[in-house]
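One structure below.
The values are calculated or read from the model by the stated rules, or taken from the named source; none is laboratory data. Please read these numbers as outputs of a predicted model, since none were measured by experiment. Here the Cβ positions follow ideal geometry from the backbone for every residue, glycine too, while neighbour counts run over all protein chains shown.
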Amino acid sequence: MNDLARIKRRYRQFADTECKGYSDIYYGLALAVAEDDEVVGFIAEMPVIQPNLFFASIQLLTGPDSVPNTGSELRAFVHRRGREIGDVMRSRRTQTNEVGRCAVLLPALPSGPLALLEVGASAGLCLLLDQFYYELGSTQIGDASSPVHLRCASAGPVPLPSVVPQIVWRRGLDIDPIDVHDDDAIRWLLACVYPDHRERRRRLEAAIGLARAQPPVVSAGDLVDDLPAVLSEVPNDAQLVVFHSAVLTYVKFDRRQAFAGVLAEASKKRDIVWLSNEPPGVVPEVAALVPPQSELRYLLARTLFTNGQRRDELLALAHAHGADLTWL
Ligand SMILES: C[S@@+](CC[C@H](N)C(=O)[O-])C[C@H]1O[C@@H](n2cnc3c(N)ncnc32)[C@H](O)[C@@H]1O
């Protein structure tokens, strides 16, 4: 049984740090949970008490338009359908594939032709970044007829490309890839988007549509153990870019170091550009470059590996889902 006071703290903290100003509905619900002994008692019985998992499990059952709106509606829903919520919470873990992050990655890409390798690719939707339309600040880039429109507010001297670089090879690697044709997995992916984030849901659905027409290849495997085999398949006549967003943060410190070690080793045969878009503190060499007193945002970094040596640059501070970026 989990400690009730700890759960209340966790939900309050979730409201303040992840929902305030970003999702009114989860902000209100998370604060309501933190005051509700009965709902907290229900959550305490679960193996994982994570707010995103609890709310996504409810949304899976209700759909985004009928999620309980108030604390009392939430308590009544837990009364009525607690067994089903519990089944979902016991059998699933939160999952995301946030195409909005491509708007943050785009200005960091070298000019093409590129071979793109994404680790922790989920359904591989970010591998389709050359099929999206971007509004970065006041600049438009990409195919205006694309069903996926990404809007990203920008500040600072963002080095905007005039076109999306040509991508000649792309591959994902994920410990637990999502098959875009698996309706149940896709329903869960959508349930993990906050219900009031309509634009995020729309663009996710549109990206899934693109991927269903031409599924990106995402191999099942670990980002350290299985990386050398995938690297050996990358064609030689393109600049290799290895990238990830919101992935290394889920991996233990020694495995992050081992991942960088695999890239360093592979760079003895070819240059590698490594783009990392992760919360602060995840890549220590990048954390050391953060200006003092900067806000706690995702850090977009570019590391060039040549001949086993690395050169790190911190490029930008970014919104976790790609809504804005500040170029440094
Ligand atoms: C939060 S999701 C982010 C997905 C995607 N990068 C995005 O930005 O939308 C994290 C992903 O990392 C994958 N992952 C976690 N540990 C991994 C590992 N050791 N090797 C490969 N993938 C891993 C998970 O399966 C999941 O798909």
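Quick notes
- Some residue of segment 21-39 being farther than 15 Å from residue 87 by Cα, of a type in the set (Phe, Trp, Tyr), part of a helix (DSSP H, G or I) and under 21 Å from the mean Cα position of the chain (by Cα): yes
- Residue match in segment 283-295 (condition: hydroxyl-bearing (Ser, Thr, Tyr), surrounded by fewer than 13 Cβ atoms within 10 Å (Cβ to Cβ), away from the ligand (no atom under 11 Å from the Cβ) and outside any helix (DSSP H, G or I)): no
- Qualifying positions in segment 227-247 - at pLDDT 95 or above and under 17 Å from the mean Cα position of the chain (by Cα): 242, 243, 244, 245, 247
- First in segment 263-291 and closer than 17 Å to residue 233 by Cβ, second anywhere and charged (D, E, K, R), Cβ under 9 Å, 6 or more apart: 263/310; 267/310
- Residue satisfying condition, being small (Gly, Ala, Ser), touching a Pro at 6+ places or on another chain (Cβ under 6 Å) and buried (at least 21 other Cβ atoms within 10 Å of the Cβ), within set 120, 124, 142, 112: 124
- Among the residues here, residue 195 qualifies as assigned to a loop (DSSP other than H, G, I, E, B) and away from the ligand (no atom under 15 Å from the Cβ).
- Matching residues in segment 87-109 - criterion: being part of a helix (DSSP H, G or I) and either buried (at least 17 other Cβ atoms within 10 Å of the Cβ) or within 13 Å of the ligand (Cβ to nearest atom) (or both): 88, 89, 99, 100, 101, 102, 103, 104, 105, 106, 107, 108
- Members of segment 238-250 that are buried (at least 22 other Cβ atoms within 10 Å of the Cβ) and farther than 16 Å from residue 268 by Cα: 243, 244, 245, 247, 248
- In segment 142-191, residue nearest to the chain's Cα centre (by Cα) [restricted to those that are within 25 Å of residue 314 (Cα to Cα) and among the hydroxyl-bearing types (Ser, Thr, Tyr)]: 154
- Residue match in segment 169-180 (condition: within 30 Å of residue 62 (Cα to Cα), among the aliphatic types (A, V, I, L, M) and either in a helix (DSSP H, G or I) or within 12 Å of the ligand (Cβ to nearest atom) (or both)): yes
- Some residue of segment 223-237 being within 14 Å of the ligand (Cβ to nearest atom), under 20 Å from residue 103 (Cα atoms) and buried (at least 19 other Cβ atoms within 10 Å of the Cβ): no
- For residue 311: the one exception among (1) over 20 Å from residue 134 (Cβ atoms); (2) modelled with pLDDT under 95: (2)
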